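The structure appears right after this line, and notes come after that.
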Amino acid sequence: MESGLFERLQAERAAKRPVAVVTRLADGAQALLSGDEASGALALAPEQLAEARQRLLGNRSGTLEAGEGGLFVRCYVTAPRMIIVGAVHITQALAPMAALAGFEVIVIDPRRAFATAERLPGVTMTTEWPDEALARIGLDAQTALITVSHDPKIDDPALIAALASPCFYIGALGSSRTHGKRVARLTEAGLGERIARIHSPLGLKLGGRSPAEIAVAALAQVIQARYQ
């Protein structure tokens with residue numbers, strides 16, 4: 001692999017951004033795909049680019065069917081993370097569901113009475129305040145962040161950190177009225193148009209009301225956002 005392309009590949013992987021390398025088997029010419037950008041000596045036809053991006057989206061390495069030339073796509077996609085702020089009843093359902101769906105799950109809640117191994121067995125937890133925890137953990141393009149504590153002192157710092165990051169999904173529990181108050185606070189904090197990235201009310205509109213049903217709706221929306 002050409003050194004400049006290799007350096008870009010390493011940089012994308014270090015940032016935990018999905019990236020793919022397309023190689024023409026006949027002569028080894030390569031292109032690197034990241035987001036909407038393609039770079040490298042190998043020029044790809046529009047239909048080849050579209051198919052390669054679909055493979056990257058689904059993390060499916062393999063030979064391209066579009067066009068000619070024997071092109072192979074190698075996808076590099078890290079496991080997605082879900083960071084849940086608030087160790088509440090919804091989290092007790094959502095954390096194991098997300099883990100089964102292939103997410104690395106981290107729960108943040110400074111309230112030690114909530115963040116216990118008895119309530120969330122086998123789940124990675126921290127009782128740091130969200131701004132401190134997220135600064136340590138880091139937020140990247142493979143991360144979904146969900147706030148469910150229903151306490152602005154806990155949720156707002158997490159949302160502020162997420163809105164300044166490339167997280168692929170940001171969701172917040174609360175009614176439309178609650179979200180309106182949240183928008184006002186975040187607007188006052190100078191977040192501006194970025195606030196529109198927050199999904200609230202949380203989850204797809206499935207009609208469920210129990211904690212487990214809300215967890216299903218939230219996870220479904222996260223998966224939908226990831227593949228869009």
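Listing for the model above:
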{"quantity": "Number of positions in region 101-113 that are within 16 Å of the chain's Cα centre (by Cα) and not in a loop (DSSP other than H, G, I, E, B)", "calculated": "4"}
{"quantity": "Conditions (1) in contact with a helix residue (DSSP H, G or I) (Cβ under 9 Å, 6 or more places away or on another chain); (2) aliphatic (A, V, I, L, M); (3) surrounded by 14 or more Cβ atoms within 10 Å (Cβ to Cβ); number of the one not met by residue 41", "calculated": "(3)"}
{"quantity": "Candidates 170, 137, filtered to the one that is surrounded by fewer than 21 Cβ atoms within 10 Å (Cβ to Cβ), free of Cβ contacts under 8 Å to residues at least 60 places away in the same chain and under 19 Å from residue 80 (Cα atoms)", "calculated": "137"}
{"quantity": "Residue match in region 142-150 (condition: touching a Ser or Thr at 6+ places or on another chain (Cβ under 7 Å) and either closer than 25 Å to residue 228 by Cα or basic (Lys, Arg) (or both))", "calculated": "yes"}
{"quantity": "Qualifying residue in region 54-75 (condition: surrounded by 13 or more Cβ atoms within 10 Å (Cβ to Cβ) and touching a residue at least 60 places away in the same chain (Cβ under 8 Å))", "calculated": "yes"}
{"quantity": "Those residues of region 8-29 which are over 24 Å from residue 143 (Cβ atoms), of a type outside the set (Gly, Ala, Ser) and surrounded by fewer than 20 Cβ atoms within 10 Å (Cβ to Cβ), in sequence order", "calculated": "23, 24, 25, 27"}
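All of the numbers you see were taken from the coordinates with simple rules; none came from a lab. What you see is a predicted model, and the numbers here were worked out from it, not measured in a lab. Every residue, glycine among them, receives a Cβ derived from its backbone with ideal geometry; neighbour counts consider all protein chains shown.
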